[in-house]
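Presented below is the structure to which this report refers.
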Amino acid sequence: MSNWLYKNKEINTIEDFPEGTFGFIYKVTYIPENITYIGKKSLYHNSKKKLGKKELEALPTTRGRKSSTKIVTKESDWKTYYGSAKPILSLLKEKKHDEFSREILQFVSSKKLLTYYECKYLFEHGVLEHPTLYFNDNILGKFFTRDFASQD
């Protein structure tokens with residue numbers, strides 16, 4: 001498995017990220033065909049966890065309904081992540097992890113900016129206009145590669 005690189009420096013642990021990093025913009029390249037995927041990845045994700053009996057009993061008594069869940073923050077799967085594009089996932093099923101390079105383009109400090117910078121990179125690189133160079137086939141679920149077919 002290839003490690004994440006940022007300016008030719010390996011990123012192996014959460015401590016390798018600058019303080020205040022929420023996530024990052026990345027570029028994954030399938031080396032044999034030189035096809036790239038640009039995306040975003042959060043370092044943490046939240047999930048709801050049901051409270052046990054003891055935790056529920058320990059809650060202070062308040063009027064209204066008690067919450068029976070709590071939000072738990074966990075480190076995401078960023079270390080093993082390659083992207084969500086179907087062609088990438090099928091190549092990974094074929095155990096071709098070592099045929100990819102993974103590069104971090106930018107560290108980002110918030111969820112909102114993560115989406116902004118992903119869009120910025122996708123538009124700047126013209127990913128929808130060059131479907132032979134990029135795995136990306138849409139931006140925000142609003143703009144699609146197929147929209148450019150009539151432009152040729």
Quiz prompt | Sequence-distant residues sharing a close amide H with LEU105 (under 5 Å, placed H) | solution = ILE25, TYR26, LYS27
Exercise. Please give the net charge around LYS79, taking every other residue with its beta carbon less than 14 angstrom from that of LYS79, where Lys and Arg add +1 and Asp and Glu add -1.
Key: -2
Practice problem: With springs only between Cα atoms under 10 Å apart, run a GNM on the chain and tell me which of THR132, THR36, THR115 wobbles the most. | Solution: THR132
Exercise. Would you tally the net charge around LEU59, using a Cβ to Cβ cut-off of less than 12 Å, leaving LEU59 out, and scoring K and R as +1, D and E as -1?
Key: +3
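Counting only trypsin sites (Lys or Arg not before Pro) that sit in a DSSP loop (anything but H, G, I, E, B) with at most 16 other Cβ atoms within 10 Å, what is the longest stretch of the chain containing none of them?
Details: sites that count: LYS7, ARG63, ARG65, LYS66, LYS95, LYS96, LYS142.
Answer from the scan: 8-62.
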Quiz item: Under 19 Å Cα-Cα from LYS93, which aspartates and glutamates qualify once same-chain neighbours fewer than 8 residues away are excluded?
Solution: GLU33, ASP77
Practice problem: Could you list THR69, THR21, THR61 in order of exposure, starting from the residue whose Cβ has the fewest other Cβ atoms within 10 Å? | Solution: THR61, THR69, THR21
Exercise. Determine the percent antiparallel among the DSSP beta bridges restricted to the chain, to the nearest 5.
Key: 90
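So, counting K/R as plus one and D/E as minus one, what does the shell of residues with Cβ under 15 Å around LEU92 add up to? List each step's numbers first, then the result.
Details: positive: LYS79, LYS86, LYS93, LYS95, LYS96, ARG102; negative: GLU33, ASP77, GLU94, ASP98, GLU99.
Charge balance near LEU92 sits at +1.
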Exercise. Sort all Cα-Cα distances of the chain into consecutive 5 angstrom bins from zero, then give the percent of pairs in each bin up to the one containing the longest distance.
Key: 2, 8, 15, 17, 15, 13, 9, 6, 6, 4, 3, 1, 0, 0
Quiz item: To the nearest Å, what is the center-to-center distance of the range 1-61 and the range 68-145, using C-alpha atoms only?
Solution: 12
Self-check item: Phi-based couplings in Hz for the range 11-18 (Karplus 6.51, -1.76, 1.60; Gly and Pro marked x)
Solution: 10, 10, 10, 4, 5, 6, 8, x
Exercise. Quick one: Debye curve from the alpha-carbon atoms of the range 57-137 only, equal weights, vacuum; give me log10 I(q)/I(0) at q = 0.10, 0.13, 0.20, 0.22 Å⁻¹ to two decimals.
Key: -0.46, -0.64, -1.13, -1.27
Quiz item: Each residue of the range 131-141 in order: what ³J(HN,Hα) in whole Hz does its phi give by Karplus 6.51 cos²θ - 1.76 cosθ + 1.60, θ = phi - 60°, with x for Gly and Pro?
Solution: x, 7, 9, 10, 6, 4, 10, 7, 10, 6, x
Quiz item: So which residue, out of PHE107, PHE123, PHE24, gets the largest mean-square fluctuation from a GNM of the chain using Cα contacts under 10 Å as springs?
Solution: PHE123
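I need the per residue convex hull volume for the range 1-54, using only the alpha carbons, in cubic angstrom as a whole number.
About 159 Å³ per residue, rounded to a whole number.
Read-outs throughout are calculated quantities, based only on the coordinates presented, and are distinct from any laboratory measurement. Only a predicted model underlies this, so the values are computations on that prediction, with no experimental measurement involved. Glycine gets a Cβ as well: all are built from the backbone with ideal geometry, and neighbour counts include every protein chain shown.
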